[in-house]
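**Q** Got a structure for you, written out below as structure tokens; questions coming shortly.
The values are calculated or read from the model by the stated rules, or taken from the named source; none is laboratory data. Owing to the predicted nature of the structure, the values given are computational and were not obtained by experimental measurement. Every residue, glycine as well, gets a Cβ built from its backbone with ideal geometry; the counts of neighbours run over all protein chains shown. Surface areas here come from the heavy atoms of the whole protein model, side chains and all, with no ligands, DNA or RNA. Shrake-Rupley method; radii C 1.70, N 1.55, O 1.52, S 1.80 Å.
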Amino acid sequence: MSEKKKFTVYVGSVVLCVGVAVLLHYVSFTNPYLQSVCHLLRPFIYIGLYLVWAISFQKRIIQKEPRRCLIMIAVMMVFWMLVRMCKFEIPYEMPTALRYAWYLYYIPMLLLPTVSLYLAFYIRQPENYKLPERRCLLFFPALFLIGIVLTNDLHQLVFTFPEGRLGKQLPMK
């Protein structure tokens with residue numbers, strides 16, 4: 001198969017998957033189990049797309065460090081979608097699990113910009129380029145903020161929840 005046909009099949013598959021995911025957003029069923037499956041199918045389509053995207057980095061990116069950063073970004077996107085999916089499926093009767101799902105949601109949100117900045121330092125560098133050791137210090141603010149979010153139950157500086165409730169959440173569509 002020619003490269004042009006492979007590219008067309010690949011792009012068509014991605015467009016089809018995204019189209020199905022968008023349509024699932026607007027579908028509603030009277031059967032609650034079917035509705036739940038419909039809500040879970042959409043994040044799994046996105047997770048599949050992120051995984052295919054990460055696998056494509058293995059084949060297309062030659063430089064080791066930029067490839068590692070891009071794969072880390074894809075893994076964080078998958079983690080984000082899993083936590084997002086769980087966050088909206090955990091019942092309100094489990095407030096601790098729901099609260100920690102809310103907290104875990106912010107781990108990729110804090111690490112994605114940091115890894116993206118780290119990746120930007122590799123642009124237009126030779127293949128064997130290594131960043132100076134001090135650049136690892138870029139992760140400390142993100143790790144500090146993650147620590148603050150995960151220990152929010154102790155200090156309530158990031159979020160405050162009304163007594164007995166977690167606040168109103170909108171259902172995932």
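**Q** Given the pairs Lys59/Lys87; Lys6/Lys87; Lys5/Lys59, which span a C-alpha to C-alpha distance of over 28 angstrom in this model?
**A** Working: Lys59/Lys87 33 Å; Lys6/Lys87 37 Å; Lys5/Lys59 18 Å.
Correct reply: Lys59/Lys87; Lys6/Lys87.
**Q** Oh, and also: Using a 1.4 angstrom probe, figure out how much accessible area the range 24-173 has per residue, in square angstrom, rounded to the nearest whole.
**A** On the way: 9860 Å² over 150 residues.
That works out to 66 Å² per residue.
**Q** Right, here's the next one. DSSP loop (so not H, G, I, E, B), at most 11 other Cβ within 10 Å: list which GluC sites (Glu not before Pro) in the range 1-104 pass both filters. Mind showing how you got there, number by number?
**A** Details: sites: Glu3, Glu89, Glu93; in loops: Glu93.
Here the GluC sites (Glu not before Pro) that fit, given the DSSP loop and packing criteria, are Glu93.
**Q** How many angstrom lie between the Cα centre of the range 96-143 and the Cα centre of the range 1-73?
**A** That distance is 23 Å.
**Q** Then there's this: Let me check against my output: what whole-number percent is the relative contact order of the range 32-85, with C-alpha pairs under 8 Å and at least 6 apart?
**A** Values: 26 pairs, mean separation 25.2, N = 54.
Over the range 32-85, the number comes to 47 percent.
**Q** Taking springs between alpha-carbon atoms closer than 10 angstrom, which of Gly12, Gly48, Gly147 fluctuates most in the Gaussian network model of the chain?
**A** Ranking Gly12, Gly48, Gly147 by mean-square fluctuation puts Gly12 first.
**Q** Name the residue, out of Leu104, Leu49, Leu157, whose mean-square fluctuation peaks in a Gaussian network model built on the chain with Cα pairs under 10 Å.
**A** Fluctuation is largest for Leu157.
**Q** Where is the GNM fluctuation largest for the chain (alpha-carbon springs, 10 angstrom cutoff): Cys136, Cys38, Cys17?
**A** Residue with maximal mean-square fluctuation among Cys136, Cys38, Cys17: Cys136.
**Q** Which value, in debye to the nearest 20, gives the size of the charge dipole of the range 1-114 about its Cα centre, when Lys and Arg are +1 and Asp and Glu are -1 at the Cβ?
**A** On the way: 12 positive and 4 negative charges, 110 e Å.
The dipole of the range 1-114 has a size of about 520 debye.
**Q** Quote the relative contact order of the chain in percent (integer), defining contacts as alpha-carbon pairs under 8 Å separated by 6+ residues.
**A** Working: 117 pairs, mean separation 34.1, N = 173.
Relative contact order for the chain comes out at 20 percent.
**Q** Hey, what number do you get for the chain at 222 nm if only DSSP H runs of n ≥ 4 count, each worth -39500 (n - 2.57), divided across all residues, to the nearest 500?
**A** Working: 7 runs with 120 residues, N = 173.
Using -39500 (n - 2.57) per qualifying helix, the result is -23500 deg cm²/dmol.
**Q** Rounded, prolate or oblate: which fits the chain when a ≥ b ≥ c are the square roots of the eigenvalues of the alpha-carbon gyration tensor, with rounded for a/c under 1.5 and prolate only if a/b beats b/c? Numbers along the way, then the final one.
**A** Details: a/c = 3.84, a/b = 1.15, b/c = 3.33.
The shape class here is oblate.
**Q** Oh, and also: When the Cα atoms of the range 65-115 are enclosed in a convex hull and the volume is divided per residue, what value in Å³ results?
**A** Values: hull volume 2.6 nm³, N = 51.
Expressed per residue, the convex hull around the Cα atoms of the range 65-115 is 52 Å³.
**Q** I need the helices of the chain that pass two filters: whole DSSP H segments spanning 27 Å or more by Cα along the axis, and mean Kyte-Doolittle score no lower than 1.0. If you can, show how the numbers build up before the last one.
**A** Details: long enough: 3-26 (35 Å, 1.03); 32-60 (42 Å, 0.61); 64-89 (38 Å, 0.78).
Helices meeting the span and hydropathy rule in the chain are 3-26.
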